[in-house]
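Enquirer: Below are the structure tokens for one structure; questions will follow.
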Amino acid sequence: MSMNNQMSRLKEGAEKVLFENILPFWIEKCFDKDNNRFYGAVDNFGNPIRDARISLILYTRILWAFSYLYKMYKEDKYQNLADTAYNYLVGNFIDREYGGAYWILDKYGRPNVEAKKIYGHAFLIYALSEYYEIKGNDKLLELINNFYSLIEEKFLDVADNGYFETFNRDWSKPAEMRISDRDMEAEKSMNSHLHMMEAYTNLYRVTRAKSVKSRLINILELLQRYIILPSGHLGLFFDSKWDLKSNNISFGHDIECSWLLTEAMGVLGSEVYENLRKISLKLAETTLNSAFNERNSIYREQRETGELEDDVEWWTQAEAVVGLINAYQLTGDNRYLEKALLAWDFIESFLVDWNYGEWFYEVSKDGKPNLKKLKVEEWKGPYHNVRACVNIILRVDKILREWRNPK
């Protein structure tokens, strides 16, 4: 089969997965009509877990997804769901006394984990910026600017630059800083700065505010100085002085960073393009050469001992496909497309649940699903897979047009 036909099939596959697998699950299985909100967790068979906690990460990712889908397809049902997510988010997660947003609510919408985490606030900016693009009202812009100012006031390390991970509700120093049980206890992390870059890229794209541009460039400089290592991998955890605390490798974050850097390049233009292009390609090339097993699924992580964790999480495989297509668009090198096609085949064959909908959280390297992990939970929302599908659709369209009409 020609590469042209393979790419056309890839686009068709992404559309089928998006519209026939992911979105029906979220619209039909994840929305709590009685309480006009989304459930905090749903099992692998589409059954809601009604007493589950509701996380800021889940809700901001829902808001982003349906805002983006409305922008792309202009269907009222997407805007209505975005409106519902926004109203619940603003009505329940915002701390009216101390400012910022709670990390987790209980099933009644009351604060359960009151900590203020930079990762969650990055996703607030990311989601609210996308929502602003479809709504465009001054009140919403004021809310976004308030969160932006709060981030720069409360989370910014004025002594050594970068953003601290976590504070207590009242902005005092916390006993625990990590954002999940899998993370190391550290004052600063790659993951939070990666998504701060993503958030400020989106915010600058929709507002063109000079102050946001300056802060985005600052984050890019931090990534280059401390986080992106000469090896073509990312450092994961740091102390306040930016000393690296872990030698683990997260392959999914490596390839995700490669294409998010390109998104930042797109909004900032020529002043950062060439340098970031080289860094982006180094990350993608390292992923291509070291991150995939013989089944063309991406390893989850490499530990300091060199041991590879080969269970496949939904998000790493999604990011791999987008990052590899992005690398092709930067270079014209077919190796990236060929591996992206193989990685997508693994998604369609093993991660997509064609019986009950959505994607499994995790499968073995041979494709056996781990049913102990939920389809929807505090960290798993319609973000990585929705974002991957729409990126594939848009990017493949662009590639096919360029092939038909070469310059």
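The values are calculated or read from the model by the stated rules, or taken from the named source; none is laboratory data. From a predicted model like this one, the values you see are computed outputs, not experimental measurements. No Cβ is skipped: glycine too gets one built from the backbone with ideal geometry, and neighbour counts run over all protein chains shown. Just the protein is used for accessible areas: all its heavy atoms, side chains included, with ligands, DNA and RNA removed. Shrake-Rupley method; radii C 1.70, N 1.55, O 1.52, S 1.80 Å.
Enquirer: Any idea which of Asn202, Asn218 is in a helix (DSSP H, G or I) and surrounded by fewer than 17 Cβ atoms within 10 Å (Cβ to Cβ)?
Expert: Asn218 is the lone residue from the list that is in a helix (DSSP H, G or I) and surrounded by fewer than 17 Cβ atoms within 10 Å (Cβ to Cβ).
Enquirer: Being under 16 Å from Leu143 (Cα atoms) and open to solvent by 30 Å² or more (accessible area, probe 1.4 Å) is the filter here; which residues of the stretch 63-89 pass it?
Expert: Asp83, Tyr86, Asn87
Enquirer: Does Lys107 satisfy the condition of being assigned to a helix (DSSP H, G or I) and surrounded by fewer than 18 Cβ atoms within 10 Å (Cβ to Cβ)?
Expert: Criteria not met by Lys107.
Enquirer: Taking the condition of being within 21 Å of the chain's Cα centre (by Cα) and either of a type in the set (Asp, Glu) or surrounded by fewer than 22 Cβ atoms within 10 Å (Cβ to Cβ) (or both), how many residues in the stretch 27-41 meet it?
Expert: Total satisfying the criteria: 2.
Enquirer: Report yes if some residue within the stretch 184-195 is part of a strand (DSSP E or B) and open to solvent by less than 10 Å² (accessible area, probe 1.4 Å); otherwise report no.
Expert: yes
Enquirer: Now for a separate question. Might you let me know whether the stretch 257-266 holds any residue that is open to solvent by 10 Å² or more (accessible area, probe 1.4 Å), of a type in the set (A, V, I, L, M) and free of Cβ contacts under 8 Å to residues at least 24 places away in the same chain?
Expert: No, that holds for no residue.
Enquirer: Regarding the stretch 384-396, can at least one residue be identified that is open to solvent by 30 Å² or more (accessible area, probe 1.4 Å), at negative phi, aliphatic (A, V, I, L, M) and out of contact with any Asp or Glu (no Cβ under 9 Å at 6 or more places or on another chain)?
Expert: Yes, that holds for at least one residue.
Enquirer: Here is a further query. Being out of contact with any Lys or Arg (no Cβ under 8 Å at 6 or more places or on another chain) and either within 23 Å of Cys389 (Cβ to Cβ) or open to solvent by less than 10 Å² (accessible area, probe 1.4 Å) (or both) is the filter here; which residues of the stretch 42-55 pass it?
Expert: Selection gives Phe45, Ser55.
Enquirer: Among helices (runs of 4 or more DSSP H) lying entirely in the stretch 303-407, which contain 2 or more residues that are within 16 Å of the chain's Cα centre (by Cα)?
Expert: Of the helices (runs of 4 or more DSSP H) lying wholly inside the stretch 303-407, those with at least 2 residues that are within 16 Å of the chain's Cα centre (by Cα) span 314-331, 384-404.
Enquirer: Would you please list the contacts, defined by Cβ atoms under 8 Å and residues six or more apart or on different chains, that run from a residue in the stretch 343-366 that is open to solvent by 60 Å² or more (accessible area, probe 1.4 Å) to a residue that is part of a strand (DSSP E or B)?
Expert: Close Cβ pairs satisfying both conditions: Lys365/Val312.
To keep it simple, each residue is scored yes or no on (1) in contact with a His (Cβ under 8 Å, 6 or more places away or on another chain); (2) charged (D, E, K, R); (3) under 12 Å from Leu220 (Cα atoms); (4) not in a helix (DSSP H, G or I).
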{"position": "Asp254", "(1), (2), (3), (4)": "yes, yes, no, no"}
{"position": "Cys257", "(1), (2), (3), (4)": "no, no, yes, no"}
{"position": "Leu260", "(1), (2), (3), (4)": "no, no, yes, no"}
{"position": "Glu274", "(1), (2), (3), (4)": "no, yes, no, no"}
{"position": "Arg277", "(1), (2), (3), (4)": "no, yes, no, no"}
{"position": "Glu285", "(1), (2), (3), (4)": "no, yes, no, no"}
